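Okay, structure first, notes after.
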């Protein structure tokens, strides 16, 4: 297993992402994977 440490620019950025994570019922890993999926959908090959 690989561990990753995420550093946020400020408390506001952290709180915004934490609320999104909570609202969607995700873990931090789940939020990251959802973000990856969205980037892949929005980025042409």
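Quick rundown of the values:
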| read-out | value |
| --- | --- |
| Rounded to 10°, Cα long-axis angle of helix 11-24 versus longest principal axis of the chain | 60 degrees |
| For the chain, calculated [θ]222 nm from helices alone, where every DSSP H run of n ≥ 4 adds -39500 (n - 2.57) | -21000 deg cm²/dmol |
| Label point distance in nm, residue 45-residue 16, each placed 7 Å from Cα along Cα→Cβ | 3.3 nm |
| Using alpha-carbon coordinates, inclination of helix 28-42 to the longest axis of the chain, degrees | 30 degrees |
| The chain: radius of gyration over Cα atoms, expressed as a fraction of 2.2 N^0.38 Å | 1.30 |
| Contour excess over end-to-end distance, with Cα ends at residue 38 and residue 24 and 0.36 nm allotted per residue | 3.6 nm |
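Only the coordinates and a few stated rules stand behind these numbers; no lab work does. It should be emphasised that the depicted structure is a prediction, and the values quoted were computed from it without experimental measurement. Cβ atoms come from the backbone with ideal geometry, glycine included; neighbour counts cover every protein chain shown.
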